[in-house]
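**Student:** To start, I am sharing the structure in question, which I have written as structure tokens.
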There are 2 protein chains.
Amino acid sequence: MAAETESWLDELKWDGQGLIPAIAQDEKTGKVVMFAWMNRESLAMTVEMGRAIYWSRSRAKIWPKGEESGHVQKLKSIRVDCDKDVILMSIEQIGGIACHTGRESCFYFELGEFKEGSQENSKHWQAVEPVIKSPDEIYK
Amino acid sequence: MAAETESWLDELKWDGQGLIPAIAQDEKTGKVVMFAWMNRESLAMTVEMGRAIYWSRSRAKIWPKGEESGHVQKLKSIRVDCDKDVILMSIEQIGGIACHTGRESCFYFELGEFKEGSQENSKHWQAVEPVIKSPDEIYK
């Protein structure tokens with residue numbers, strides 16, 4: 001595919017596995033909704049198709065976000081950081097749900113009681129975002 | 001240090017190098033300003049001290065953000081994602097500059113002309129954020 005000869009891809013720093021981290025941020029709300037990885041092919045596809053296509057490390061395959069759920073992430077703009085080793089996408093989240101748990105964002109666990117001097121054993125991760133749609137309904 | 005016995009740290013999934021990615025998002029503007037890595041100790045310090053402390057992979061040492069520049073990131077809240085393998089911090093960026101290039105955010109390169117059907121060789125990363133303060137002034 002054309003990705004082989006694209007210089008904007010060559011400029012990026014790929015890790016030892018040929019991957020780059022990618023952050024998805026909702027264009028409207030500004031919420032960071034997801035973090036996943038891309039390889040060269042999936043990033044080229046993301047840009048060509050105008051929607052987030054990740055690389056699933058666990059399944060070792062191209063992962064078009066939303067292929068099962070319909071929760072596609074439409075690409076609005078794409079950035080890279082100063083070191084050119086992290087991607088930041090501004091996206092439109094179709095269905096308003098990015099997480100496989102049926103939440104708007106994957107970042108739904110907040111650390112409670114992190115204030116300095118608080119009892120250490122009182123710190124814990126709390127789910128602070130509602131489930132919008134049950135995973136059973138999403139993945140039929 | 002106390003980090004050894006903290007269960008909220010045990011709940012996280014650390015990678016093969018004992019690291020976890022961390023995203024810093026400006027509390028006020030919603031901008032994603034930085035991405036770096038933390039090890040167990042630096043994350044424990046981040047929470048204890050209420051400011052972002054990263055692990056520098058290149059220097060292989062604890063990296064208190066802002067120790068030279070003064071551009072400390074004060075921790076406002078801290079989240080983890082559904083897989084418990086990525087950290088998202090809401091921070092107050094002291095000095096309004098997160099990037100070592102003197103920009104507000106490290107994510108200042110935007111891919112131009114990424115629309116489907118555009119000439120492939122017209123795509124390139126453009127710096128789209130101004131330098132607020134010269135690095136020479138920041139790192140004296």
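Bear in mind that the values in this text are calculations on the coordinates, not laboratory data. These numbers come from a predicted model, not from an experiment. Heads up, the Cβs are rebuilt from the backbone with ideal geometry, glycines too, and the neighbour counts pull from every protein chain shown.
**Student:** Once amide H atoms are built 1.01 Å from N in the peptide plane, which residues 5 or more positions from A:R103, or in another chain, come under 5 Å H to H?
**Tutor:** Counting only residues 5 or more places away or on other chains, the set is A:I132.
**Student:** Let me confirm one metric for peptide A:80-93, namely the mean number of other chain beta-carbon atoms within 10 Å of its residues' beta-carbons.
**Tutor:** Average neighbour count from other chains, rounded to a whole number: 5.
**Student:** Counting other beta carbons within 10 Å of each residue's own, what order do B:V128, B:V72 fall into, fewest first?
**Tutor:** Working: B:V128 13, B:V72 19.
Listing B:V128, B:V72 from fewest to most nearby Cβ atoms yields B:V128, B:V72.
**Student:** Residue by residue, what Karplus-based ³J(HN,Hα) values in Hz, rounded to whole numbers, does region A:95-104 have, using 6.51, -1.76 and 1.60 with θ = phi - 60° and x for Gly and Pro?
**Tutor:** In residue order, the calculated couplings are x, x, 10, 9, 8, 5, 7, x, 9, 4 Hz.
**Student:** Set the Förster radius R0 to 22 Å, insert the Cβ-Cβ distance between B:K84 and B:Q17 as r into 1/(1 + (r/R0)^6), and round the FRET efficiency to 0.05.
**Tutor:** That gives a FRET efficiency of 0.85.
**Student:** Right, another one. Compute the relative contact order of chain B as a whole-number percentage, counting only Cα pairs closer than 8 Å that sit 6 or more residues apart in sequence.
**Tutor:** On the way: 254 pairs, mean separation 27.4, N = 140.
Reported as a whole number, the value is 20 percent.
**Student:** From the helices alone, meaning DSSP H stretches of at least four residues, give me the mean residue ellipticity at 222 nm for chain A, per-run term -39500 (n - 2.57), in deg cm²/dmol to the nearest 500.
**Tutor:** For chain A, the value works out to -3000 deg cm²/dmol.
**Student:** Continuing with the same structure: Shielding by partners for A:100-111, please: the mean number of other protein chain Cβ atoms within 10 Å of each residue's Cβ.
**Tutor:** Counting Cβ atoms of other protein chains within 10 Å of each residue's Cβ and averaging gives 5.
**Student:** With each pseudo-label sitting 7 Å past Cα toward Cβ, what's the A:H124-B:K140 distance in nm, one decimal?
**Tutor:** 4.9
**Student:** OK, next. Rounded if a/c is under 1.5, else prolate if a/b is larger than b/c, else oblate: which is region B:1-100, with a ≥ b ≥ c the root eigenvalues of its Cα gyration tensor?
**Tutor:** Working: a/c = 1.67, a/b = 1.39, b/c = 1.20.
It comes out prolate by the Cα gyration axes.
**Student:** Oh, and also: Grab region A:2-138 and count how many Lys pairs have their alpha-carbon atoms under 18 Å apart, sequence gap of 8 or more, or different chains.
**Tutor:** 10
**Student:** Using the alpha-carbon atoms, what tilt in degrees (0 to 90, nearest 10) does helix B:40-49 show relative to the longest principal axis of chain B?
**Tutor:** So the helix axis and the longest Cα principal axis differ by about 90 degrees.
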